Amino acid sequence: MAHWLIKSEPSTWSWAQQVAAGDKGTHWNGVRNHSAKLSLMAMQVGEEAFFYHSNEGKAIVGIVKVISPYYPDPSDPTHRFGMVDFAAVRPLANPVTLEAIKLEPRLSQMVLVNNSRLSVQPVRDEEWAIVLEMSR
DNA sequence: GCCAACGTTGGC
DNA sequence: GCCAACGTTGGC
C-alpha cells in the first residue's frame, strides 16, 4: 500500500472540517497540477495519506484514507483534472511540524521539504513510519 | 506582507 | 517550440 500527503489551508478546509465530514468524507477537488494529478490517479481505495495544514500551523495533523478512486473533477472546465474522496481516519496525538520534519535528517528527501508547493504528493514507507514515530 | 519557486499562458 | 510574462502557492 502506498502512502501519500495532501495539503490544505485550514482557512479553506481544516482537519476539524474533515473530521466533521465523517465517513462520507470530502471530494478533494480543485487540484490543477500535473504532478498532483498523477498521485491522485495512482491512489487506491483504502490507502492512507497525511493531512497537512499549510500556511497556518504548518504541520501534519491527521491521517485520512482514500474512499473513492480517481474520477473527473466537475469543477474543472477543461476536463483535464480529476479527484478522489478522502475520509478522516484519526488525528495524530502530536502534530508533526514542518520545522521538526526539516530538522530530521532521515526526512530530508521528503517532497514536502524539497517541493513545498506540490499539494498532493507520495510519501515513502520509511518516511511514513518516521513521521508516525515523531507524532507519538 | 514579501518574495522565491514553480507552473502556465501566449506571442513570436 | 522557445521563452518572457504572469499568476499562484506557501514559507518566512
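Bear in mind these aren't lab numbers, they're just calculated from the coordinates by the rules spelled out. These figures come from a predicted structure and were not determined experimentally. All Cβ positions, glycine included, derive from the backbone under ideal geometry; neighbour counts span all protein chains shown.
When the residues of the range A:102-136 are filtered to those that are within 12 Å of DNA strand B (Cβ to nearest atom) and hydrophobic (A, V, I, L, M, F, W, C), the one that is farthest from A:Val89 (Cα to Cα) is A:Val113.
Residues that are within 16 Å of DNA strand B (Cβ to nearest atom) and outside any loop (DSSP other than H, G, I, E, B) are absent from the range A:62-72.
Scanning the range A:79-101 for residues being away from DNA strand B (no atom under 16 Å from the Cβ) and within 18 Å of A:Met43 (Cβ to Cβ) gives a total of 6.
Being closer than 12 Å to A:Ile6 by Cα and not acidic (Asp, Glu) is true for just one of A:Val131, A:Val89, A:Val111, A:Val96. Which residue is that? Within the list A:Val131, A:Val89, A:Val111, A:Val96, the selection yields A:Val111. When the range A:1-25 is limited to residues that are among the polar types (S, T, N, Q) and surrounded by fewer than 20 Cβ atoms within 10 Å (Cβ to Cβ), the one that is farthest from DNA strand C (Cβ to nearest atom) turns out to be A:Gln17. Scanning the range A:34-55 for residues that are within 14 Å of DNA strand C (Cβ to nearest atom) and surrounded by fewer than 14 Cβ atoms within 10 Å (Cβ to Cβ) gives A:His34, A:Asn55.
Among residues of the range A:96-136 being β-branched (Val, Ile, Thr), in contact (Cβ under 8 Å) with a residue 60 or more places away in the chain and in a helix (DSSP H, G or I), the one that is farthest from A:His34 (Cα to Cα) is A:Val131.
Among the residues of the range A:93-123, write down those that are surrounded by fewer than 16 Cβ atoms within 10 Å (Cβ to Cβ), more than 13 Å from DNA strand C (Cβ to nearest atom) and not polar (S, T, N, Q). Passing the criteria: A:Ala93, A:Pro105, A:Arg106.
The set of residues in the range A:10-34 that are among the hydrophobic types (A, V, I, L, M, F, W, C), assigned to a loop (DSSP other than H, G, I, E, B) and within 15 Å of the chain's Cα centre (by Cα) comprises A:Trp13, A:Trp28, A:Val31.
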